[in-house]
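The values are calculated or read from the model by the stated rules, or taken from the named source; none is laboratory data. Fair warning: this is a prediction, and the values are worked out from it, not measured in the lab. Here the Cβ positions follow ideal geometry from the backbone for every residue, glycine too, while neighbour counts run over all protein chains shown. Keep in mind that these areas ignore ligands, DNA and RNA; they rest on the heavy atoms of the full protein, side chains included. Shrake-Rupley method; radii C 1.70, N 1.55, O 1.52, S 1.80 Å.
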Amino acid sequence: GLKAINTPYGELGVVANFSCEKPHRGIARQWFRDDGVLAWLPLAGAPEAHRFSMVWSTPDAHAETLLALSPEALCERVAVAGNNALGALTLLTPAAAFPLRLMRVPKTIAPRLALIGDAAHGIHPLSGHGINLGYQDARTLAGLLAETPEWQDIGSERLLRRYSRARQEEILLMQYTTDTIRRIFREKLPALKPLRNIGMKLTNDLPLLKNLLVRYAIGA
C-alpha cells in the first residue's frame with residue numbers, strides 16, 4: 001500500500017558491454033551530448049582492462065534507433081559518439097534498455113517493512129549515484145537494527161521511522177540535484193551552454209570541491 005510518484009523522463013537507458021582496442025586504464029568517461037548522456041564505465045580486473053559497460057541515457061526515439069542497429073553498426077555508433085577514445089569496439093552483450101524516471105516514495109516504511117535501494121527511490125543515472133544511495137540505505141538500516149536491544153521489536157513502525165528520517169535529506173537532495181542537472185543539460189537555450197561549461201570547469205579547477213564530489217561518488 002505504499003505510494004510511489006513516478007515522473008517519466010521520456011528517455012531510455014541503453015546498456016551494453018563492449019571490448020575495446022585500447023586499455024581503459026580504469027578511467028570512467030562521460031559525454032553530455034545533444035542526444036543524451038553517454039557513459040563508459042570500465043570493468044575491473046586484468047582480462048577486463050579492455051572491457052567496459054555503456055549506459056546511454058537518451059530520448060525514446062533515439063534509443064529505439066540504437067536498439068535496432070546491427071552489432072557492428074552499434075559498435076561504430078558508440079565509438080564515434082565517444083570520440084574513438086578506446087579505438088575499435090566489439091559488442092560483448094546484446095544492447096538492452098530500461099525506462100528512466102524520477103521516482104519519489106513519500107513513505108518508505110510500514111510495520112515490519114522498510115524499503116531500500118531502487119524500491120525506495122529513483123534518480124537519473126547521469127551522476128551514477130543511484131547505487132550509492134542504495135548502499136547508504138542498507139548501511140543505515142543495518143546500523144539501526146544492530147544497535148537495537150534484543151528485547152525491542154525491530155519491525156515496529158516507530159523504530160523504522162528513525163531509518164526513514166535518517167535517509168530523507170540525502171535522498172531528496174540527490175533527486176533534486178540530478179533532476180536539475182538533467183534539465184540544465186537538456187535545455188536548448190544558447191545562453192546556458194557557456195554557463196554549463198563555466199560550472200564544469202570551476203568544479204574541475206577547485207580541488208577541494210572536486211575531491212569532495214569524488215569521495216561521495218565512491219562512497220568514501
Got at least one residue in the stretch 80-95 being free of Cβ contacts under 8 Å to residues at least 40 places away in the same chain and either assigned to a strand (DSSP E or B) or among the basic types (K, R) (or both)?
no
Could you check how many residues of the stretch 94-129 are more than 24 Å from L67 (Cα to Cα) and not β-branched (V, I, T)?
16
Which count do you get for residues in the stretch 14-30 that are open to solvent by less than 50 Å² (accessible area, probe 1.4 Å) and under 13 Å from P125 (Cα atoms)?
2
From P111, P42, P71, residue being in contact (Cβ under 8 Å) with a residue 40 or more places away in the chain and either more than 28 Å from T180 (Cα to Cα) or open to solvent by 20 Å² or more (accessible area, probe 1.4 Å) (or both):
P111
Take the conditions in contact (Cβ under 8 Å) with a residue 24 or more places away in the chain and either open to solvent by 50 Å² or more (accessible area, probe 1.4 Å) or more than 15 Å from the chain's Cα centre (by Cα) (or both) and apply them to E11. Does it pass?
no
Pairs please, first residue from the stretch 154-181 and small (G, A, S), second anywhere and part of a helix (DSSP H, G or I), Cβ atoms under 7 Å, 6+ apart in sequence or on different chains.
A166/T140
